[in-house]
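Novice: Here it is, the structure in full.
The values are calculated or read from the model by the stated rules, or taken from the named source; none is laboratory data. This one's a predicted model, so the numbers in the text were calculated from it and none came from an experiment. Note: ideal-geometry Cβ built from the backbone for every residue, glycine included; neighbour counts use all protein chains shown.
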Amino acid sequence: MSNLLVENMIWRNIYCNVSKSSSDCIDMGYSFGVIPSGFEWLAFILSAISIIGLFINGVLGGVIVLIWGERRLFGRFQNRTGPNRWGPYGILTPVADAIKTMFKEDILPKDADRLLYNLAPIMVVVPVLIVFSVIPVGLGSYIVDLNIGILFVLAVTSISSLSVLTAGWSSGNRIAILSALRSVALLISYEIPMGLAVIGVIMLSGSLSLGTIVESQQIPYILVQPLGFFVFFLAAMAEMARAPFDLTEAESELAAGHLNDYSSMKFALFFLGEFMAELATAAIVTTLFLGGWKGPGFIPTEFWFGAKLVFVLFLIVWFRMTLPRLRVDQVLQFAWKGLFELTMVNIITTAIFIFIWPEPGLRELLILAAINWPVAIISIWGVSKILGTKQYENIESLKNENAYPYSFKTLPSEFYHQKSEGGKIK
Amino acid sequence: MSIETRPVTVNLGPQHPSTHGVFRMRVTFDGEEIVDVEPVFGYLHRGSEKLAEERTYSQIVTLTDRMDYVSSMLNNQAYILAVEKLCNIVPSPRGVWLRMIASELQRIASHFVATGFLLQDLGALGTPLIYCMRERENILDLFEMLCGARITNSYLRPGGVFMDAPEVFWPALDRSLGDIEKSIDEIEEYLSGNEIIFSRTKGTAVLSSESLVNASITGPMLRASGVDWDLRHRNPYDYYSDITFKRILHTASDNYARYWVRVQEMRESLKIISQCIKNIEPGPVRPSFDDVPRLVRPEPGDSYAAIEGSKGELGFYLVSDGGISPYRMHVRAPSLINLTLLREMLVGELFGDLFVIFGSVDLNMGEVDR
């Protein structure tokens, strides 16, 4: 308990202000507690509940700002204003949306599997919320620092993909089933490059705990692990089915995919889960590759985390706004033929480096960065050459003005019986 | 252990978000692969051809606007050409140049819509569509100056157009031509070389030029397969014989070729418009009412006139019995005829490409169902 109180700022502030006579708190100079001695267990439960409340509301508040920000950005990308009616700059639009969806009729399709149909929206939200519990938001600001943090994150995020399968299967809708199958294909393919991309980071920091990974980043790992960042970012985008990998709810093909039959709050929960997944992905990318809460010291660490988070979210929105969707075979090909090889290159270079310098300092890390960037650029170029589509051979000659007349098949003009008239009258 | 699998039949449409209107396809899938397609249409049938039998020749212009509502000017032009041929009307030169400018602008607008919606079907979440629609807005503003309407123009009359262009139109047209050229460059820069677009559209829905000719498919679809067939060149109506332009051809006959042909044709249309601006001279925009009365009564007979519409050969067939309204009107609608090979295009492709192929045909349900 005392260790936790020393390290974890959130726990310290809440627990010591609740419990009056805990000796650990008195040592640290807290004397304003309410609950008398002998009731430490009550203080513990109360502070745990308040932390849960704080953290769920924090995430939800983040999601509201994210939905607003994403829609405003969409507007900017598309030459329009975006939502601007409710609240200053339209910041209350997600609240209005939430109220609207709450009052919609809740529909249960006739063919639906009732239990799974109702379970799926819960399954999409809960795992993403759990992911946030291991992410260090600032120096000492975290819920829990698991020593297997990154494995926990990878394991839990897969569950929300399963919820798409559940939703698609239980709706009793053929289009939704297609969406569910695509989701499983994405999950199976992209879990592997995602897990392998993290291995470089784990090797460098020597720990699975997210807190230790942040602390061990003398320089952000994106400088040392460009390939790892690239692969992890793309695999995470695919994992949460964002464009250009948004196969599960491809609007132009599947209408809304697994969400076709959902309405009211169940739909809202899916929507919420989707945006929370975006937030969680950005948080994990920040933690693993951008140095987490680290930054120049005079500004609070939470601010640095937030700023990096916003940057990653902007990248995600930018991708989503500008790129068309890939076809399902191309998406899977990209995972197995492209990202998988890139992670292997990354692991091998990092392993050789760790073999030479088992405990790298700042100088060694800079050397690794100098090696890894050319390797990354060359290997990405190579993969794009192998996977890229070949241009038409004659496309350049087609653009050429002098290329006419062609040796194309031409039809005899007698096929067309009408005589020319218009041109003569003048 | 063997797993029993069977194909699944899904109804896509009429209320599907990307069927470009109300079109229904009963698609049979084997996994992601399309096995069979049965198109069902007629949801937007308004009986335009029958309605035309109850209207005078000038009133029918408003009906043609509503057939292909993204290229009304071209519909007007085809219909007016048929009426002029039926009644032996000699059009006024200024009116003809004006309607050529209007119809080429409309072709650019229609190709912008086709390109934008093709990219929307490719899964780009609205951004290219809105950029394309922005350019279309420019053109619609020009139409508003010409005739006061933006979509259902009814601008053309037998023998010319109903109103001369205002003074503000010409500088605005010059400005818009520059803007449109820039945005075509932008489209080419961002989209034509985009790896995702290229890899998704290259080699999908390939049709041989023989099958296209046999199915009497025309327009960009036919030119994308290398058949040099453009009515503006083959059978110059209006003053197209005085105009030089390049016929855009591609040999691949896949989705990318269709997209590419449309984008390049927009450039050619810009060239045609600037030639029209050079050639236009002051004068009346339509013959006087003594020559062409409001209520024309053609001699009994028939006429067929066709133009190169934005989607293919757009033809109007008129039969007159000597009365004030046609005895029968028939429209050769390119959207409908270009759908003939839909099944051949779709079978064997993946589900993800279904609506891309559908969009590459560039059809308009208002014209398919009429």
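Novice: Filter segment B:347-365 for residues that are surrounded by fewer than 24 Cβ atoms within 10 Å (Cβ to Cβ) and away from every other protein chain (no Cβ under 12 Å); which is farthest from B:P17 (Cα to Cα)?
Specialist: B:G348
Novice: Can you give me the number of residues within segment B:114-139 that are of a type outside the set (V, I, T) and closer than 22 Å to B:S335 by Cα?
Specialist: Summing the residues that are of a type outside the set (V, I, T) and closer than 22 Å to B:S335 by Cα in segment B:114-139 gives 12.
Novice: Within segment A:309-316, identify whether any single residue is of a type in the set (A, V, I, L, M, F, W, C) and either within 23 Å of A:K385 (Cβ to Cβ) or within 14 Å of chain B (Cβ to nearest Cβ) (or both), and answer yes or no.
Specialist: Yes, segment A:309-316 contains a residue that is of a type in the set (A, V, I, L, M, F, W, C) and either within 23 Å of A:K385 (Cβ to Cβ) or within 14 Å of chain B (Cβ to nearest Cβ) (or both).
Novice: Of all the strands (runs of 3 or more DSSP E) wholly in segment B:268-370, which have at least 3 residues that are modelled with pLDDT of 85 or more and aliphatic (A, V, I, L, M)?
Specialist: Because the criterion is at least 3 residues that are modelled with pLDDT of 85 or more and aliphatic (A, V, I, L, M), the strands (runs of 3 or more DSSP E) in segment B:268-370 that meet it are B:301-308, B:313-320.
Novice: Just give me the residues in segment B:115-164 being under 19 Å from B:D68 (Cα atoms), away from chain A (no Cβ under 13 Å) and touching a residue at least 40 places away in the same chain (Cβ under 8 Å), in sequence order.
Specialist: Of everything in segment B:115-164, those that are under 19 Å from B:D68 (Cα atoms), away from chain A (no Cβ under 13 Å) and touching a residue at least 40 places away in the same chain (Cβ under 8 Å) turn out to be B:I139, B:F143, B:I151, B:T152, B:N153, B:S154, B:Y155, B:L156, B:R157.
Novice: Count, please, the residues in segment B:224-249 that happen to be in a helix (DSSP H, G or I) and closer than 18 Å to B:G315 by Cα.
Specialist: 5
Novice: Continuing with the same structure: Evaluate segment B:62-80: report whether one residue or more is within 14 Å of chain A (Cβ to nearest Cβ) and out of contact with any Ser or Thr (no Cβ under 7 Å at 6 or more places or on another chain).
Specialist: Looking through segment B:62-80, at least one residue is within 14 Å of chain A (Cβ to nearest Cβ) and out of contact with any Ser or Thr (no Cβ under 7 Å at 6 or more places or on another chain).
Novice: Can you find a residue that is among the polar types (S, T, N, Q), over 30 Å from B:D353 (Cα atoms) and outside any helix (DSSP H, G or I) anywhere in segment B:154-165?
Specialist: Yes, that holds for at least one residue.
Novice: Let me ask something additional. Can you tell me which residue within segment A:186-200, out of those that are buried (at least 18 other Cβ atoms within 10 Å of the Cβ) and of a type in the set (G, A, S), is nearest to A:A335 (Cα to Cα)?
Specialist: A:S189
Novice: Which condition from (1) in contact (Cβ under 8 Å) with a residue 12 or more places away in the chain; (2) within 13 Å of chain A (Cβ to nearest Cβ) is the one that B:P220 breaks?
Specialist: The failed condition is (2).
Novice: Which number in (1) of a type outside the set (S, T, Y); (2) crowded, with 18+ Cβ neighbours inside 10 Å; (3) at pLDDT 85 or above; (4) more than 17 Å from A:L196 (Cα to Cα) marks the one condition that A:L339 misses?
Specialist: (4)
Novice: Given segment A:81-179, what helices (runs of 4 or more DSSP H) lie entirely inside it while holding 1 or more residues that are out of contact with any Asp or Glu (no Cβ under 7 Å at 6 or more places or on another chain), within 14 Å of chain B (Cβ to nearest Cβ) and in contact (Cβ under 8 Å) with a residue 40 or more places away in the chain?
Specialist: Result: A:149-170.
Novice: Right, something else. Here are the criteria: (1) more than 14 Å from chain A (Cβ to nearest Cβ); (2) of a type in the set (A, V, I, L, M); (3) closer than 29 Å to B:L346 by Cα. Tell me which single one B:L212 does not satisfy.
Specialist: (1)
Novice: A further question on this structure: Got a number for residues in segment B:315-346 being out of contact with any Lys or Arg (no Cβ under 6 Å at 6 or more places or on another chain), within 26 Å of B:I80 (Cβ to Cβ) and within 14 Å of chain A (Cβ to nearest Cβ)?
Specialist: Matching residues across segment B:315-346 total 4.
Novice: Taking only pairs six or more apart or across chains, which ones have beta-carbon atoms under 7 Å, a first residue in segment A:46-66 that is farther than 18 Å from A:I135 by Cβ, and a second residue that is of a type in the set (A, V, I, L, M)?
Specialist: Once the first residue is farther than 18 Å from A:I135 by Cβ and sits in segment A:46-66, its partners that are of a type in the set (A, V, I, L, M) give A:L46/A:V18; A:S47/A:I14; A:S47/A:V18; A:S50/A:I14; A:I64/A:V95.
Novice: Please indicate, with yes or no, whether at least one residue in segment A:180-187 is closer than 14 Å to A:S161 by Cα, without any contact (Cβ under 8 Å) to a residue 12 or more places away in the chain and part of a helix (DSSP H, G or I).
Specialist: no
Novice: Condition first: under 15 Å from the mean Cα position of the chain (by Cα) and either in a loop (DSSP other than H, G, I, E, B) or aromatic (F, W, Y) (or both). Can you find one or more residues in segment B:71-80 that meet it?
Specialist: yes
Novice: If you don't mind, there's one more thing I want to ask. Identify, please: which residue in segment B:20-52 is part of a loop (DSSP other than H, G, I, E, B) and surrounded by 15 or more Cβ atoms within 10 Å (Cβ to Cβ) and is, among those, nearest to the other protein chains (Cβ to nearest Cβ)?
Specialist: If we take residues in segment B:20-52 being part of a loop (DSSP other than H, G, I, E, B) and surrounded by 15 or more Cβ atoms within 10 Å (Cβ to Cβ), then B:E32 is nearest to the other protein chains (Cβ to nearest Cβ).
Novice: Suppose the filter is surrounded by fewer than 18 Cβ atoms within 10 Å (Cβ to Cβ) and at the interface with another protein chain (Cβ under 10 Å from one of its Cβ atoms); does B:D254 pass it?
Specialist: So B:D254 fails the test.
Residue-by-condition table, conditions (1) in a helix (DSSP H, G or I); (2) surrounded by 23 or more Cβ atoms within 10 Å (Cβ to Cβ):
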| position | (1), (2) |
| --- | --- |
| A:A241 | no, yes |
| A:E249 | no, no |
| A:H258 | yes, yes |
| A:M265 | yes, no |
| A:A277 | yes, yes |
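Novice: Then there is this: Take the residues in segment A:367-396 that are at the interface with chain B (Cβ under 8 Å from one of its Cβ atoms) and under 28 Å from the mean Cα position of the chain (by Cα), then tell me which one is modelled with the highest pLDDT.
Specialist: A:S384
Novice: Continuing with the same structure: What number of residues within segment B:165-199 satisfy the criterion of being away from every other protein chain (no Cβ under 14 Å), in contact with a helix residue (DSSP H, G or I) (Cβ under 7 Å, 6 or more places away or on another chain) and either touching a residue at least 24 places away in the same chain (Cβ under 8 Å) or of a type in the set (A, V, I, L, M) (or both)?
Specialist: 9
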